Amino acid sequence: MHPLVCQAVQQRKVMRFHYDGGTRDIEPHIHGIGKDGGELLRGYQVSGFSRSGHAEGWKIFKLDEVRAMALTDRVFASPRIGYEPDDPTMSSIHCRL
């Protein structure tokens, strides 16, 4: 479990980190273990880098590939439309909205 991720989820703080070639700002919604045993974060990316060209939207991140993780001062009010608290990509959940 990554305590900073759960803190961000519980406090609804936007996170900023470097992932797959660039910096991203994410509203974290759920953190857990994927079916392959790796730690995952599902969040809504609000800005930043995207290889696909779609900077905004739902994304899943492998936490072992995340670098320079930090909480921002920005908070988000509620879960985004499309949030699934029983995320099927995760075999167990550490924390969620």
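The residues in region 1-55 that are part of a strand (DSSP E or B) and among the charged types (D, E, K, R) can be counted, and the count is 7. Count of region 85-97 residues, restricted to those that are among the acidic types (Asp, Glu) and either closer than 11 Å to Ile26 by Cβ or within 13 Å of the chain's Cα centre (by Cα) (or both), is 1. Residue pairs whose Cβ atoms lie under 8 Å apart, sitting 6 or more positions apart in sequence or on different chains, and linking a residue in region 49-72 that is within 20 Å of Glu39 (Cα to Cα) to a partner that is of a type in the set (Asp, Glu) and outside any strand (DSSP E or B), are Glu65/Asp20. Entry remark, region 48-73: residues being over 8 Å from the mean Cα position of the chain (by Cα) and either open to solvent by 60 Å² or more (accessible area, probe 1.4 Å) or over 18 Å from Val5 (Cα atoms) (or both) number 17 in total.
Could you list, in sequence order, all residues of region 62-97 that are β-branched (Val, Ile, Thr) and out of contact with any Asp or Glu (no Cβ under 8 Å at 6 or more places or on another chain)? Hits for region 62-97 are Val66, Val75, Ile81, Thr89.
On the stretch given as region 7-23, residues that are open to solvent by less than 10 Å² (accessible area, probe 1.4 Å) and of a type outside the set (Gly, Ala, Ser) total 4.
The values are calculated or read from the model by the stated rules, or taken from the named source; none is laboratory data. Remember, it's a predicted structure, so these values are computed and weren't measured experimentally. We place every Cβ from the backbone using ideal geometry, glycine too, and count neighbours over all the protein chains shown. Ligands, DNA and RNA are excluded from the accessible area calculation, which covers all protein heavy atoms including side chains. Shrake-Rupley method; radii C 1.70, N 1.55, O 1.52, S 1.80 Å.
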